[in-house]
Amino acid sequence: MGQFRFLTAGESHGKGLVAVIDGMVAGLPISEDYIAQELKRRQAGYGRSDRMKIEQDKAELISGVRHGLTIGSPISLLIRNRVWEEWQEAMSIDPIRKKTESITTPRPGHADLAGVTKYSVDDIRLILERASARETAARVAVGAVARKFLDEFGISVHSHTVSIGKRRTKQLKSIDWRRVEKSAVRCADARVEKLMMAAIDEARSKGDTLGGVFEVIASGVPVGLGSHVQCDRRLNGQIAQAVMSIPAVKGVEIGAGFAMASIKGSEAQDVIQAASRGGALPWRRLTNNAGGIEGGMSNGEPIVVRAAVKPIATLGKPLSSIDLGTGKKAEAHYERSDICVVPAAGVIGEAVLCIVLTNAMLDKFGGDHLKETLANYKNYISSAYPLNRYAASKRK
Ligand SMILES: Cc1cc2nc3c(=O)[nH]c(=O)nc-3n(C[C@H](O)[C@H](O)[C@H](O)COP(=O)(O)O)c2cc1C
């Protein structure tokens, strides 16, 4: 649904990752440096593997942009693999004479076993190369373009780490995003940040890994993105799909989410009150348990999404598996691996939320040039919010 769509291609150790973005309006300022900042944020975080230090990702814009502005044609970008030289034989496009060693011991918790079965191949590398979360670098680059678009409408998207293992932040009234950006684990609370880092150190020393929860918050979203009229137009459904598609994400909740199941209806709903004059809307909500979405549509409150990230499945002390060549017991394959990816997953969560919201904005406001989309948006905000007009006439 909607005009904004994208595809990514590329293997983890291949020549590079590619993304093709279709449907972005003309006239949006965008640069490789802007995209690079987002890629850098994805690569940061305590608990990542050394690979993150080798590869400082940079996306080269190949098409769709001229003199710093999008031109409405598909935007394509390439993120080169900085260590391609080391891999050019193992991942050669052309046939090679020397046979490379096959990986035959599937890791539990990975695409390995289902993948080799489904695609009828006997080397797990053919599966893990694409199943790797390396692909999310391309998604973050696409998300950067989407974020730049949302920025034009005053929509901002942030994320922070709620928990790592058993270390959890309390419900915070307000979040200092500058602090989060400086935190090695993207934690808003200095005390909990230290506990989280210690937990990662402990897991690393034991050859283990840790999961956790990240939260993404989008502010400034206008009322009415998505729709109640068709299931695939429901904004919450689109967000859940996008966030759930991040590798290692095992649960998604919007607003109070799972906690809603155990509270009373009288406590769960966000009471609507008349707002004082001068606000953008003639109402205000006392709480935001709905997480900014009611009936599949944005309701003007911040959109709040949380995701549960499982502990990384590649362990320093590999788990038990079998060798698919012999059918005998063996240790699962070990590939250089992260210990905890919750902070990075949060940045990816921001990117996918930016993509969904961009699609929903273009669905609602349309346009082929940014000026046209902005004009449609301003018209809606100033005169089409029906209750706004109604309230204004009553107050005269
Ligand atoms: C940013 C990021 C980095 C990841 N790095 C690793 C890693 O180094 N090792 C690993 O085993 N899994 C890693 N994962 C998780 C796997 O990609 C994921 O668990 C696996 O592809 C199986 O998919 P599933 O967990 O969604 O079923 C990472 C995930 C993310 C989001």
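How would C231, C354 rank on accessible area, largest to smallest, probe 1.4 Å?
On the way: C231 110, C354 0 Å².
From most exposed to least exposed: C231, C354.
Hey, which lysines would be in cross-link range of K166, C-alpha to C-alpha under 25 Å, not counting anything within fewer than 8 residues on its own chain?
The reachable lysines, counting only those whose Cα sits under 25 Å from K166, are K182, K194, K206, K250, K310, K317.
Per Stokes-Einstein, at 20 °C and 1.002 mPa s, what whole-number D in µm² s⁻¹ belongs to the stretch 251-359, with the Kirkwood radius over Cα pairs as the hydrodynamic radius? Spell out each step's value before the answer.
Working: Rh = 18.0 Å.
For the chosen part, D equals 119 µm²/s.
Quick one: check the C-alpha center-to-center distance for the stretch 14-87 versus the stretch 151-175, whole angstrom.
Cα centroid to Cα centroid, the span is 25 Å.
Quick one: accessible area per residue over the stretch 16-174, 1.4 Å probe, rounded to a whole number of Å²?
Details: 8240 Å² over 159 residues.
Dividing the accessible area of the stretch 16-174 by its residue count gives 52 Å².
For the stretch 208-246, list residues with backbone N below 17 Å from a point placed 7 Å from the Cα of R284 toward its Cβ?
220
Which order, highest average first, do 217-228, 61-72, 264-275 follow once you tally other Cβ atoms within 10 Å for each residue and take the mean per peptide?
Details: 217-228: 19.8, 61-72: 15.3, 264-275: 11.2.
In decreasing order of mean packing, 217-228, 61-72, 264-275 become 217-228, 61-72, 264-275.
Just to compare against my own numbers: the Cα pair-distance distribution for the stretch 309-359, 5 Å bins, whole % per bin, please.
The distribution over the stretch 309-359 is 5, 17, 15, 15, 13, 11, 10, 8, 5, 2, given as percents.
Which whole-number percent of Cα pairs in the stretch 286-327 have a distance greater than 12 Å? Can you show the working numbers first?
Details: 637 of 861 pairs.
Everything past 12 Å amounts to 74 percent.
Which value results for Rg/Rh of the chain when Rg is the Cα radius of gyration and Rh the Kirkwood radius based on the inverse mean 1/r?
So for the chain, dividing Rg by the Kirkwood Rh gives 1.00.
Label 7 Å along Cα→Cβ of I263; the stretch 289-305 residues with amide nitrogen under 12 Å?
Residues 289-291 qualify, since their backbone N sits under 12 Å from the label point.
Which value, to two decimals, describes the C-alpha radius of gyration of the stretch 121-171 once divided by 2.2 N^0.38 Å? Mind dumping the intermediate values first?
Values: Rg = 17.3 Å, N = 51, 2.2 N^0.38 = 9.8 Å.
Normalised Rg, Cα atoms only: 1.77.
Going by a ≥ b ≥ c, the root eigenvalues of the Cα gyration tensor, does the stretch 62-217 fall in the rounded group (a/c under 1.5), the prolate group (a/b larger than b/c) or the oblate group?
Oblate, since a/c reaches 1.5 and b/c is not below a/b.
With a 1.4 Å probe and all protein chains left in place, how much of the accessible area of the chain comes from carbon and sulfur atoms, in whole percent? Write out the running numbers ahead of the final one.
Details: 10780 of 20070 Å².
Ligands and nucleic acids excluded, carbon and sulfur reach 54 percent.
Short version: what are the Cα gyration tensor semi-axes of the stretch 160-256, square root of 5 times each eigenvalue, largest first, in whole Å? All intermediate terms of the calculation are to be shown ahead of the outcome.
Numbers: eigenvalues 184, 63, 17 Å².
That gives 30, 18, 9 Å for the three semi-axes.
Can you check how the C-alpha radius of gyration of the stretch 19-95 compares to 2.2 N^0.38 Å, as a plain ratio? Please list the in-between numbers first.
Details: Rg = 15.4 Å, N = 77, 2.2 N^0.38 = 11.5 Å.
With N residues counted in the stretch 19-95, Rg over 2.2 N^0.38 Å equals 1.34.
Could you provide, to the nearest whole Å², the per residue accessible area of the stretch 187-314 with probe 1.4 Å?
On the way: 6000 Å² over 128 residues.
Solvent-accessible surface per residue comes out at 47 Å².
Once you have a ≥ b ≥ c as the square roots of the Cα gyration tensor eigenvalues for the stretch 71-128, tell me rounded if a/c is under 1.5, and otherwise prolate or oblate according to whether a/b is larger than b/c.
Details: a/c = 2.38, a/b = 1.43, b/c = 1.66.
In terms of gyration-tensor shape, oblate.
Taking the convex hull of the alpha carbon atoms in the stretch 186-304, what volume per residue do you get, in Å³?
Working: hull volume 18.2 nm³, N = 119.
Value for the stretch 186-304: 153 Å³ per residue.
How much length, in nm to one decimal, is gained on full extension between S120 and E202, taken as 0.36 nm per residue of separation minus their Cα-Cα distance?
On the way: separation 82, 0.36 × 82 = 29.52 nm, distance 3.92 nm.
Result: 25.6 nm gained on full extension.
Can you figure out the FRET efficiency of A44 with K15, using R₀ = 30 Å and their beta-carbon distance, to the nearest 0.05? Walk me through the numbers on the way to the answer.
On the way: r = 25 Å, r/R0 = 0.82.
So the FRET efficiency works out to roughly 0.75.
Any chance you could check the Cα centroid distance between the stretch 225-239 and the stretch 285-315 for me, in angstrom?
After rounding, the separation between the Cα centres reads 14 Å.
With no solvent and one point on each alpha carbon, what is the Debye value of log10 I(q)/I(0) for the stretch 239-298 at q = 0.15, 0.24, 0.28 Å⁻¹?
Computed log10 I(q)/I(0) values: -0.59, -1.03, -1.18.
The values are calculated or read from the model by the stated rules, or taken from the named source; none is laboratory data. Source: prediction; values computed, not measured. Quick reminder, even Gly has a Cβ in these numbers, built from the backbone with ideal geometry, and neighbours come from all protein chains shown. Note: areas computed on protein heavy atoms with side chains; ligands, DNA, RNA excluded. Shrake-Rupley method; radii C 1.70, N 1.55, O 1.52, S 1.80 Å.
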